[in-house]
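The values are calculated or read from the model by the stated rules, or taken from the named source; none is laboratory data. A quick note: this is a predicted structure, and the numbers were derived from the prediction, not measured. As a convention, Cβ positions derive from the backbone with ideal geometry for all residues, glycine included, and neighbour counts pool all protein chains shown. Side chains are part of the model used for accessible areas, which takes the heavy atoms of the whole protein and leaves out ligands, DNA and RNA. Shrake-Rupley method; radii C 1.70, N 1.55, O 1.52, S 1.80 Å.
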Amino acid sequence: WDILDLDIGKDNSKFVSCGEDKHVFLWDVSTGKVIRKFRAHEQRINTILLNLDDSVVITGSYDKKVKVWDLKSNV
């Protein structure tokens, strides 16, 4: 699947990515491993953004929805 957007955390230790597979991935830069994965949308995700303190991810999709993900939550 193609990655359509990503955003890098403020301290460069992690980043988030999204794409055609409808998932959001939170990555650890030092290990190259996925920290968390969210089944986010019904259609491909076009855009992703971390907030100022890297605790929230915001996504936008072709399914005409914007979603907000709390990274501090374990749910």
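Of note:
- Each residue in the stretch 61-75 was checked for being in a strand (DSSP E or B) and either loosely packed, with under 12 Cβ neighbours inside 10 Å or in contact (Cβ under 8 Å) with a residue 60 or more places away in the chain (or both), and 3 pass.
- Given (1) of a type outside the set (D, E, K, R); (2) buried (at least 16 other Cβ atoms within 10 Å of the Cβ); (3) in contact with an Asp or Glu (Cβ under 9 Å, 6 or more places away or on another chain), index of the condition VAL34 fails: (2)
- Of the criteria (1) touching a strand residue (DSSP E or B) at 6+ places or on another chain (Cβ under 7 Å); (2) farther than 17 Å from ILE3 by Cβ, which one ASP63 fails: (1)
- The set of residues in the stretch 29-60 that are in contact with a Lys or Arg (Cβ under 9 Å, 6 or more places away or on another chain), of a type outside the set (Ser, Thr, Tyr) and not in a loop (DSSP other than H, G, I, E, B) comprises ILE35, PHE38, ARG39, ILE45, LEU50, VAL56, VAL57, ILE58, GLY60.
- Look at (1) touching a residue at least 40 places away in the same chain (Cβ under 8 Å); (2) assigned to a strand (DSSP E or B); (3) open to solvent by 50 Å² or more (accessible area, probe 1.4 Å) and you find that LEU26 fails only one, number (3).
- Within the stretch 1-11, tally of residues that are exposed (fewer than 13 other Cβ atoms within 10 Å of the Cβ), at pLDDT below 95 and not acidic (Asp, Glu): 1
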